[in-house]
Amino acid sequence: MTIWSDPATLANLIMALAAVSSLFATVALYYKSQKEQRKLEGKLASYSAHLSAFELLSNIPKAIRFLGVSNEDLNALKKEGIKPEEAVFLFIHFRAFLYFEKIIKTDDKSAYGPGTANYITLSVPETRAAWKILRKSMPSSIFMEKLDSTVQLIESEKLYSQ
């Protein structure tokens, strides 16, 4: 009698192979999840450090130029009635949400709806004006598309309400 002809032995062999395969899959998934966890922790640490550095801008608002906001941009903001300190606040606000969106990895490009933090912030005309200028200093992302969509939504609502 061979191993292939005995149904009980064959079943045990199949179960053993399934258990070994399951063990290998579990180990592979464990290492993959550990790698992803380290990657996420690295992003969180990096984003936290960036935001801490950005907070220093409140003491030296003109240093925003090192982050891609030019003197022309600051002058354009000033024409909109936005002080450098306020521009720094909005810059930090937008960057914080940008990092949040990167961490949660959303693919949703739709506008933020009424009642959300970004909708409320962008409902202020000066914030929308600032966004149009500050967006040049932001890395391209789904978050930018969401803010642009929100600005369009708010501005279209303003047109319809008049």
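The values are calculated or read from the model by the stated rules, or taken from the named source; none is laboratory data. Just so we're clear, the structure is a prediction, and the values are computed from it rather than from any experiment. We place every Cβ from the backbone using ideal geometry, glycine too, and count neighbours over all the protein chains shown.
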Among THR121, THR116, THR106, the single one that is out of contact with any Asp or Glu (no Cβ under 6 Å at 6 or more places or on another chain) and surrounded by 18 or more Cβ atoms within 10 Å (Cβ to Cβ) is THR121
| task | State whether one or more residues within the stretch 94-107 are at pLDDT 75 or above, of a type in the set (Val, Ile, Thr), in a helix (DSSP H, G or I) and more than 26 Å from the chain's Cα centre (by Cα). | result | no
Scanning the stretch 120-162 for residues that are over 16 Å from the mean Cα position of the chain (by Cα) and of a type in the set (Lys, Arg) gives ARG128, LYS132, LYS136, LYS158
Within the stretch 40-65, residues over 18 Å from PHE97 (Cα atoms) and loosely packed, with under 10 Cβ neighbours inside 10 Å come out as ASN59
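Can you confirm whether the stretch 38-49 contains a residue that is part of a helix (DSSP H, G or I), in contact with a helix residue (DSSP H, G or I) (Cβ under 8 Å, 6 or more places away or on another chain) and within 20 Å of ARG135 (Cα to Cα)? Show your work before the answer.
To start, the set of residues in the stretch 38-49 that are part of a helix (DSSP H, G or I) comprises 38-49.
Subsequent filtering for residues that are in contact with a helix residue (DSSP H, G or I) (Cβ under 8 Å, 6 or more places away or on another chain) retains 40, 43-44, 47.
Pick out the ones that are also within 20 Å of ARG135 (Cα to Cα) and you get 47.
Within the stretch 38-49, one or more residues are part of a helix (DSSP H, G or I), in contact with a helix residue (DSSP H, G or I) (Cβ under 8 Å, 6 or more places away or on another chain) and within 20 Å of ARG135 (Cα to Cα).
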Note on the stretch 113-147: residues free of Cβ contacts under 8 Å to residues at least 24 places away in the same chain and outside any helix (DSSP H, G or I) are GLY113, PRO114, GLY115, THR116, VAL124, SER140
Test result for PHE54, of a type in the set (Phe, Trp, Tyr), closer than 16 Å to ALA130 by Cβ and either in a helix (DSSP H, G or I) or out of contact with any Ser or Thr (no Cβ under 9 Å at 6 or more places or on another chain) (or both): yes
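On the basis of being among the hydroxyl-bearing types (Ser, Thr, Tyr), in a loop (DSSP other than H, G, I, E, B) and in contact (Cβ under 8 Å) with a residue 24 or more places away in the chain, does SER110 make the cut? Full working, then the answer.
Numbers: among the hydroxyl-bearing types (Ser, Thr, Tyr): yes; in a loop (DSSP other than H, G, I, E, B): yes; in contact (Cβ under 8 Å) with a residue 24 or more places away in the chain: yes.
So SER110 fits the description; yes.
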